[in-house]
Amino acid sequence: MNQIPYIDFSLLEEGGLLMWPLLLLSLIGFVIFVERTLFLHKGQIRSNDFLSGIKNLLRKRRLVEALTVCEETPGPVPGVVKATLLHHGEGEEGMRRAAQSAALVEIPSLERRIGAIVAIGRVAPLVGLLGTVLGLIGAFTAIHEAGSYAHFGVLAEGFGEALITTAVGLFIAVVAYLSQHFLSGRVRALVHDMEYAAHDIMQFILRDMPEEESDASAPPKGASSG
């Protein structure tokens with residue numbers, strides 16, 4: 001029969017009370033990292049395929065359907081493209097301002113809670129350092145109480161607590177900074193996709209998009225304006 005694996009919690013006991021705050025920090029950081037990774041992965045789409053579909057609809061003068069596709073497609077890129085399409089009649093500057101405004105709305109949602117991981121990376125070593133100080137205080141207190149009968153075991157317990165909390169705090173900090181670097185890279189990739197999509201669809205509208213049928217209602221050339 002397969003035996004249930006035994007989980008050794010002796011490290012938590014040897015590290016003292018501050019091991020529990022460190023464990024809580026690591027758990028919070030892990031949950032945030034998983035949630036942010038899934039959120040950013042959901043927002044990542046194949047921009048070239050999406051833009052090709054939007055362009056095909058625009059060539060057929062199906063602007064409303066293109067806007068519907070943007071609304072139904074998840075992620076920040078369709079939101080920026082939608083804003084650009086809604087202001088297609090305002091010229092290049094109007095479309096650029098609309099795309100920038102839409103990006104300013106999308107970026108904070110992409111960067112949400114990444115700062116919390118950075119904070120965990122900064123706080124964890126300080127908690128570990130506090131555990132180190134408390135461990136040393138405990139060791140010297142034990143030596144003082146034992147007097148001339150102090151032995152190495154008294155020192156080992158206090159120094160062990162000090163070293164364990166320091167090591168765990170530094171480990172959490174390293175993992176937190178690596179997680180923050182990974183998530184920031186995903187955010188930068190999405191921002192780049194937004195910029196590329198907005199520029200590409202804007203150039204298509206200015207150069208290749210067929211004129212709307214409503215333009216046919218304009219007065220013919222040579223007609224009197226009076």
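Give the residues of region 53-99 that are of a type in the set (S, T, N, Q) and surrounded by fewer than 16 Cβ atoms within 10 Å (Cβ to Cβ), sorted by residue number. It would help to see each step written out before you state the result.
Filtering region 53-99 for residues of a type in the set (S, T, N, Q) gives 56, 68, 73, 84.
Listed by number, the residues that qualify are ASN56, THR68.
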Per the filter on region 169-192, residues of a type in the set (A, V, I, L, M, F, W, C) and under 17 Å from VAL80 (Cβ atoms) are VAL187, ALA189, LEU190, VAL191
Is there any pair with a first residue in region 167-192 that is under 20 Å from GLY79 (Cα atoms) and hydrophobic (A, V, I, L, M, F, W, C) and a second that is part of a helix (DSSP H, G or I) and modelled with pLDDT under 95 whose Cβ atoms are under 7 Å apart and which are 6 or more apart or on different chains, and what are they? VAL187/LEU40; VAL187/LEU110; VAL187/GLU111; LEU190/LEU40; LEU190/GLY43; LEU190/PRO76; LEU190/LEU110; VAL191/ILE107
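Hey, among VAL187, VAL174, which residue is more than 30 Å from SER101 (Cα to Cα), under 20 Å from the mean Cα position of the chain (by Cα), among the hydrophobic types (A, V, I, L, M, F, W, C) and modelled with pLDDT of 85 or more?
The unique qualifying residue is VAL174.
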Within region 109-164, count every residue that is under 16 Å from PRO21 (Cβ atoms) and at pLDDT 80 or above. 18
Restricting region 22-38 to residues that are surrounded by fewer than 19 Cβ atoms within 10 Å (Cβ to Cβ) and in contact (Cβ under 8 Å) with a residue 12 or more places away in the chain, the one farthest from TYR196 (Cα to Cα) turns out to be SER26
Quick check on LEU110: is it buried (at least 16 other Cβ atoms within 10 Å of the Cβ) and in contact (Cβ under 8 Å) with a residue 24 or more places away in the chain? yes
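Looking at region 45-102, which of its residues are among the small types (Gly, Ala, Ser) and at positive phi? Spell out the reasoning first.
As a first pass, look at region 45-102 and keep what is among the small types (Gly, Ala, Ser): 47, 52-53, 66, 75, 79, 83, 89, 91, 94, 98-99, 101-102.
GLY75, GLY91, listed by residue number.
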Close pairs from region 41-56: first in contact (Cβ under 8 Å) with a residue 24 or more places away in the chain, partner surrounded by 11 or more Cβ atoms within 10 Å (Cβ to Cβ) and aromatic (Phe, Trp, Tyr), Cβ under 9 Å, at least 6 apart: SER47/TYR196; LEU51/TYR196; LEU51/PHE204; ILE54/PHE204; LYS55/PHE204
Going through GLU106, GLU65, GLU93 one at a time, which residue ends up being within 24 Å of SER179 (Cβ to Cβ), part of a helix (DSSP H, G or I) and of a type in the set (Asp, Glu)? GLU106
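The values are calculated or read from the model by the stated rules, or taken from the named source; none is laboratory data. Here the structure is a predicted model, which is why all the values come from computation and not from measurement. Every residue, glycine among them, receives a Cβ derived from its backbone with ideal geometry; neighbour counts consider all protein chains shown.
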